[in-house]
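To start, the structure itself, in structure tokens.
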Amino acid sequence: MADHAVSDDPQVQAQLDRLWSLSPGADVLGLERITRLLERLGDPHRSLPPVFHVAGTNGKGSTCAFLRAAMEADGKSVHVFTSPHLVRFNERIRITGQLISDDQLARYLERVLDIAEGVNASFFEVTTAAAFLAFAEHPADACIIEVGLGGRLDATNVISDPAVCGIAQLGIDHQAFLGDTLDKIAAEKAGIAKAGAALVTQRYLEALHPIMQEAADRAGALWIGQGEGWDAAVYRDRLHYRDDLGRLDTPLPRLAGAHQVQNAALAFAMLRHQHAVPLPEAALKAAPLWAHWPARLQRLEQGPLLAPLPEGTTAWLDGGHNAGAGEAIGAYFTADRLEGQKLHLIIGMLANKEVDAFLAPFAGKIAHIHALPVPGHDHHPPERFAAVAVQWGIGCTAHAGPVEAIGAVAAAAAGDVPPKLLIGGSLYLAGEILRLNEQLPD
């Protein structure tokens, strides 16, 4: 089904069914189709509040969450467009901070699909057009727009005059669309640069600097990279940020993982290198503790799915699925955090993701691998994870779904110390976990 999109609301589902029947069934990068769609809708993307455009291989969603938190801490109203969703399609579109209602979603999808004949627009292009239409028709102080795939040819890149552009961590992913080297991927991401808007980026290998500079020069933008125009570090359990405007000292992010410090700092840098939405320092200081972004080292609550596990079990959920995400997640699980234990890993991964690259940082930290399918998508078979388990000298079992995997962890832990559990490898799987545990993103 199109990007795993289903809805309990019959009106929304009717439009999703139309979308599935009309779209080509695969991502096709390019701006021609989205441009035609938006022209037929009266070019709503030209009437948006100030846009904060965010790209990156990993961290772009978290950066969006920090941007939103800072603006809302100052009382600003903010539209947000992100992807993919975890449980409900509505999560992709926030109108003035609230998830789009089913009634609104059905109407906006219908309006786009009614004029889409002959365009052959993709699932993401129709969704982007619906979001822009909704945002243009509801006043707000700002729009936060997350790139879907890449940057240069992503449907969101029809935005011609953003307030600022930001690029989070770069890594190898979506090679079929973006290329199989960091040089090629960096060039695609940097394609969001626009005249008159700062292009703010995290710290990259020096070999990538000419690529960023060339993209900025070509667009007429100013490139402001970490380590050049701004920087951030942790000192005495505080986030210390600095740029030409001065220093900023904030709490560490509530979002888990050292990598979130850099994502929060990127959001600060974006906010301090634009003039469309001025914010006081107090709003930036509030953002690290206000920001929430599910399925990123999220501690799962006790719910129906986890009910069979012993009291005291600690369970984390993360949808990361590439080498960079593996490094960030693996680094989080220090010896102190694991308290002498090893993790039970429940994992399912799409077939186009690199299992070895993602799992390498977990070597020595896993007690057992529980392999799952990712329903509705091509995914790695359990034998692929079993091969890694053999290399590590641990066990691997295959399960039909999360309920069975949780049951196996519970059985293995009977009478022992409460287990520590990580569920990951796919945002689609993460969404199913949240649904089964009744922890719906809001």
message = For region 71-123, which positions are assigned to a helix (DSSP H, G or I) and open to solvent by less than 30 Å² (accessible area, probe 1.4 Å)?
response = Met71, Phe89, Asn90, Glu91, Arg92, Leu105, Ala106, Tyr108, Leu109, Val112, Leu113, Phe123
Whichever residue in region 30-59 is part of a helix (DSSP H, G or I) and hydroxyl-bearing (Ser, Thr, Tyr) and, among such residues, is nearest to Ala131 (Cα to Cα) = Ser47
key: Filter result (closer than 24 Å to Thr334 by Cβ, part of a loop (DSSP other than H, G, I, E, B) and among the hydrophobic types (A, V, I, L, M, F, W, C)) within region 398-442   = Val417
ask   = Hey, any hits in region 388-397 for a residue that's open to solvent by 30 Å² or more (accessible area, probe 1.4 Å) and aromatic (Phe, Trp, Tyr)?
value = yes
key: Subset tally (residues that are aliphatic (A, V, I, L, M) and more than 18 Å from Pro139 (Cβ to Cβ)) for region 74-98   = 2
The one condition in (1) open to solvent by 20 Å² or more (accessible area, probe 1.4 Å); (2) closer than 15 Å to Leu343 by Cα; (3) among the aliphatic types (A, V, I, L, M) that Leu427 fails to fulfil = (2)
ask   = Counting just the residues of region 241-270 that are more than 30 Å from Ala315 (Cβ to Cβ) and part of a strand (DSSP E or B), which one comes out most open to solvent (accessible area, probe 1.4 Å)?
value = Arg247
key: Every pair of residues 6+ apart whose Cβ atoms lie under 6 Å, when the first sits in region 212-228 and is under 11 Å from Ala190 (Cα atoms) while the second is of a type in the set (Phe, Trp, Tyr) and in a strand (DSSP E or B)   = Met212/Trp223; Gln213/Trp223; Ala216/Trp223
remark   = His380 vs (1) open to solvent by 30 Å² or more (accessible area, probe 1.4 Å); (2) free of Cβ contacts under 8 Å to residues at least 40 places away in the same chain; (3) in contact with a strand residue (DSSP E or B) (Cβ under 9 Å, 6 or more places away or on another chain); (4) not charged (D, E, K, R): all pass except (1)
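The values are calculated or read from the model by the stated rules, or taken from the named source; none is laboratory data. Being a predicted model, the structure only gives us computed values, none of them experimental. Cβ sites come from the backbone with ideal geometry, for glycine too, and all protein chains shown count toward neighbours. Calculation scope for accessible area: heavy atoms of the full protein, side chains included, ligands and nucleic acids excluded. Shrake-Rupley method; radii C 1.70, N 1.55, O 1.52, S 1.80 Å.
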